[in-house]
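Just below is one structure, and these are the notes that go with it.
The values are calculated or read from the model by the stated rules, or taken from the named source; none is laboratory data. Computed from a predicted structure; not experimentally measured. Methodologically, a virtual Cβ is constructed for each residue, glycine included, from the backbone with ideal geometry; neighbour enumeration extends over all protein chains shown.
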Amino acid sequence: MQGKAAAIIVAAGQGSRAGGALPKQFAILGGLPVLAHSARALTEHPAIGQVFVVIGEGQENWARAALSSLAVAPTLVTGGATRQLSVQAGLSAVRANGRCYRVLIHDAARPFLHPAVIDRLLNALEHDKGAIPVLPVVDTLARGANAVLGDGVDRDRLYRVQTPQAFHLDVIWAAHHAGSTMDATDDAGLVRSLGHAVALVEGDSALEKLTHPADFARAQAQLSARLMPRTGMGYDVHRLVEGKPLWLGGVEIPHDRGLSGHSDADVALHALVDALLGALAEGDIGTHFPPSDPQWRGAASHRFLSFARERVEARGGRITHVDLTIICEAPKIGPHRDAIRTRIAELLALSPDRVSVKATTTEQLGFTGRAEGIAAHAIATILLPDL
């Protein structure tokens with residue numbers, strides 16, 4: 001089947017059973033709003049061309065804030081009083097755009113959506129009108145009444161149904177309108193009511209739904225277990241010139257010359273920024289703060305480092321350690337080492353024992369040895385969710 005698919009994330013509920021001041025889809029999980037996790041998975045999947053997030057009346061500001069870290073912002077759609085009406089609003093938005101023939105419908109309360117699940121669903125649509133991810137029931141099932149155990153239930157051919165559920169757009173549109181008098185909680189049920197077969201594909205245990213406070217605790221533990229280490233390297237160099245202050249590691253250091261550059265030319269912070277962006281695979285400092293942009297002329301480099309830290313946090317990660325080496329003949333870094341460590345730790349929200357600052361010379365060799373400039377190397381280690 002040609003063309004990319006569309007995806008609808010249903011995020012219009014109030015989520016009162018989860019507790020908290022915000023609806024559960026906007027609550028923070030692993031440094032990111034719950035909604036952002038699945039939205040990122042869908043917007044970054046190469047087979048998904050459009051993502052629509054269906055929200056409740058008055059939730060637009062929460063939704064925009066929750067999705068602000070995404071490289072591609074989904075389209076917001078206002079839903080209805082029931083899940084079925086919200087899905088219909090999303091389907092209308094997909095049809096109005098007119099470019100997609102397949103659609104995935106996902107619940108925002110299932111944040112950990114692996115790309116392999118999306119692949120399995122879309123592959124199934126090559127042969128079937130609908131497909132859903134499922135997991136077999138492995139626990140013993142039994143009936144009961146009045147707190148007394150009754151007969152066992154045969155769990156053969158019983159499955160736990162998950163989302164996203166995938167359909168041909170024309171089929172799910174017809175199913176929703178044919179079943180407009182039903183208050184359906186399952187889109188696949190509406191499709192089956194029209195006589196279409198719905199394929200079962202392998203689900204994912206990570207796709208558990210968040211409903212109660214205990215579910216959030218479980219999901220947080222699950223997310224922590226999926227944090228994978230990443231390492232980035234950074235290097236920067238700037239020329240020493242007269243008439244400028246010398247900034248190193250966010251600290252102004254007394255010296256007869258300062259570093260020349262478009263910003264304040266703090267080579268230490270610039271190297272750290274590149275190390276963090278490298279760990280994220282998000283380019284380098286010039287990508288985000290190009291020297292051709294006049295707004296960064298003379299800018300304090302701590303703004304760049306704070307941006308890099310925020311990018312790690314926006315991806316649900318955390319910085320665990322940074323190691324910085326400053327290369328110069330003068331000034332001597334030793335007297336300023338503690339101040340630099342403290343400042344970097346403050347900017348990265350780390351304890352100082354996770355910040356290493358070293359200095360060396362090149363034995364009077366090269367441009368640093370001739371005291372023509374200062375260079376810096378940095379390595380950053382972060383933990384990032386491997387979803």
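For the structure I just gave you, tell me whether ASP236 is among the charged types (D, E, K, R) and part of a strand (DSSP E or B). When the stated conditions are applied, ASP236 passes them. Among the residues of region 331-387, those identified as at pLDDT 95 or above, closer than 28 Å to MET228 by Cα and assigned to a strand (DSSP E or B) are VAL355, SER356, VAL357, LYS358, ALA376, HIS377, ALA378, ILE379, ALA380, THR381, ILE382. In the set (1) in contact (Cβ under 8 Å) with a residue 24 or more places away in the chain; (2) not in a helix (DSSP H, G or I), the condition left unmet by ARG143 is number (1). Checked across region 74-83, the condition of being under 25 Å from GLU60 (Cα atoms), out of contact with any Phe, Trp or Tyr (no Cβ under 9 Å at 6 or more places or on another chain) and in a helix (DSSP H, G or I) holds for at least one residue. Within the span defined as region 46-67, one or more residues are part of a loop (DSSP other than H, G, I, E, B), over 13 Å from PRO23 (Cβ atoms) and more than 13 Å from the chain's Cα centre (by Cα). Within the group LEU200, LEU223, which residue is closer than 21 Å to VAL87 by Cβ, in contact with a helix residue (DSSP H, G or I) (Cβ under 9 Å, 6 or more places away or on another chain) and either in the same structural domain as LEU135 (by TED's automatic domain parsing) or not in a loop (DSSP other than H, G, I, E, B) (or both)? Criteria check complete, one pass: LEU200. Restricting ARG160, ARG192 to residues that are assigned by TED's automatic domain parsing to the domain that holds GLY80, within 26 Å of ALA6 (Cβ to Cβ), more than 34 Å from the chain's Cα centre (by Cα) and at pLDDT 90 or above narrows the list to ARG192.
Sub-7 Å Cβ pairs linking a first residue in region 367-387 that is acidic (Asp, Glu) to a second residue that is surrounded by fewer than 17 Cβ atoms within 10 Å (Cβ to Cβ), at least 6 apart or interchain, are GLU372/ARG239; ASP386/ARG226; ASP386/MET228, ordered by first then second residue.
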